[in-house]
1. So, in the range 164-174, of the ones that are modelled with pLDDT under 95 and either crowded, with 20+ Cβ neighbours inside 10 Å or away from the ligand (no atom under 16 Å from the Cβ) (or both), which residue ends up nearest to residue 352 (Cα to Cα)?
2. Scan the range 87-106 residue by residue and report those that are assigned to a helix (DSSP H, G or I) and at pLDDT below 90.
3. For residue 241, all conditions in the list (1) surrounded by fewer than 20 Cβ atoms within 10 Å (Cβ to Cβ); (2) within 16 Å of the ligand (Cβ to nearest atom); (3) on the phi > 0 side of the Ramachandran plot hold save one; what is the number of the exception?
4. Please determine, by comparing only the residues of the range 150-159 that are more than 7 Å from the ligand (Cβ to nearest atom) and not polar (S, T, N, Q), which one is nearest to residue 351 (Cα to Cα).
5. When you check residue 177 against the structure, is it surrounded by fewer than 19 Cβ atoms within 10 Å (Cβ to Cβ), part of a helix (DSSP H, G or I) and more than 9 Å from the ligand (Cβ to nearest atom), yes or no?
6. So, in the range 73-86, exactly how many residues are surrounded by 14 or more Cβ atoms within 10 Å (Cβ to Cβ), at pLDDT below 90 and not polar (S, T, N, Q)?
7. Which one of these is within 16 Å of the ligand (Cβ to nearest atom), surrounded by 14 or more Cβ atoms within 10 Å (Cβ to Cβ) and among the aromatic types (Phe, Trp, Tyr): 326, 320, 312?
Amino acid sequence: MSGRIGLVSLGCAKALVDSERIVTRLRAEGYELVAGYAEADLVLVNTCGFITPAVEESLQAIGEALEANGRVVVTGCLGERPRTILERHPEVLAVTGQADVDGVLRAVHAALPPDTDPFTSLLPVPASRPRRARGPQVKLTPRHYSYLKIAEGCDHRCSFCIIPQLRGLQRSRDAADVLVEAARLVAGGTRELLVIAQDSAAYGTDLGHRATTFDGRSVPARLPDLARELGGLGVWVRLHYVHPQPHVATLLPLMREGLLLPYLDVPLQHASPSVLRAMRRPGGPESHLATLQAWRAACPELTVRSTFIVGFPGETDEDFELLLSFLEAAQIDRVGAFRYSDVEGASANTLPGAVAEELKQERFERLMAVQHDISLARQRAKVGRVLPVLVDGYGDDPGVVVGRSPGDAPDIDGTVRVATDGTPKIGDVVEVEITGADAYDLWGNGRRTLPFEPHVPSLGNATS
Ligand code: SF4
């Protein structure tokens, strides 16, 4: 055994996937992952540096790890700004940038050399070998759902964001590479795949949508083609961070066919054309509304999730009122709202018209109040319906399980509490009659556990 590593993984699902890659490599070298600071020989903190509160949370997490353990390696988005970290915590052992798995490995080796005894250590696997040859990925999510990262980086230039600086231009994975990983996850018990990228709709543009072969079929690196293949594996497939580009409409027939969950996580950020222009994002209220209406007409079951920023520099009262009117008209099911804050290195920092913090807070609360009533009405409309629910865990009362319907993504949306006869297990999909709702959660009575028939092809047929 090489040593025991504690892990603190902060930030978004994309950062969680980076943590999974790091842990996979560490485990392959014989390091053990432990839950507490006290048992660890070294703590690895995967940070988030996207907005100012996330930077502060990351710096606090590093401080806690230093206090509790003393030996800390820092990686992740905030690791791209080592000065910010070292000014507050000069005693950290090393700082590496986001997705720099090799850099983390070097830092860990320097602080805690791997066990090189061939009789007690696992064979190290070179990073240059393709993913398929490196064996199964360590998962930090529960066994029954998995994030599937289809691309790194981003080609957009939103003025409030430094992700393209941190992660570079978009680099998509070949479809066959993604599908092999997905098939392995399904074979290992995954019942739900959560597709992520900075902009999933742009998947494959950097590859010229080139095709690779999976299970004897040629699959172009294009989201609808990839989604159809993922759906063919027989598990729930949920799409995140889908920008509203025209070809997204071609995903809706796949939802009607049951190959994709009728769910789209679409970051709109605002509705006022002038704010969107200052954000360097396309669209406006009419085009956003027309898109949503067309999607709902094509797939009435669709749940839409979106995020919005209030208090962006230059946002006037009129801009904000326009955003509220848009929300009333759009009736989006799930909304996350953020108060704008400067991000070090973002071009929006230099924009005129900073909004006072109290006004940002007031607008945030008004937006959430408007959205609360919209979400409540949309949730209540589900009462009396029968929905499939994927079981994530057990409730406190006998027979009660807690899960999610197709309209609920893990961690960011609501849950469904289900009274059952006590037989459903974590990872089962139960048919549930919905009997109650609030603005976030549902509850109901379980009828039966649905059969699970995944279709995992022989991976020997895949090439990329
Ligand atoms: S789409 Fe915009 S907000 Fe999202 S990662 Fe790219 S630049 Fe940042």
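The values are calculated or read from the model by the stated rules, or taken from the named source; none is laboratory data. Everything numeric in this text was worked out from a predicted model, so none of it was measured. Virtual Cβ from ideal backbone geometry, glycine too; neighbours counted across all protein chains shown.
1. The residue in question is 166.
2. Result: 87, 101, 102, 103, 104, 105, 106.
3. (1)
4. It comes out as 155.
5. No: the conditions fail for residue 177.
6. Residues in the range 73-86 being surrounded by 14 or more Cβ atoms within 10 Å (Cβ to Cβ), at pLDDT below 90 and not polar (S, T, N, Q): 7 in total.
7. 312
Residues checked against (1) within 16 Å of the ligand (Cβ to nearest atom); (2) β-branched (Val, Ile, Thr); (3) touching a Ser or Thr at 6+ places or on another chain (Cβ under 9 Å); (4) not in a helix (DSSP H, G or I):
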| site | (1), (2), (3), (4) |
| --- | --- |
| 182 | no, no, yes, no |
| 185 | no, no, yes, no |
| 190 | no, yes, yes, yes |
| 194 | no, no, yes, yes |
| 198 | yes, no, no, yes |
| 201 | yes, no, no, no |
| 206 | yes, no, yes, no |
| 212 | no, yes, yes, yes |
| 218 | no, no, yes, yes |
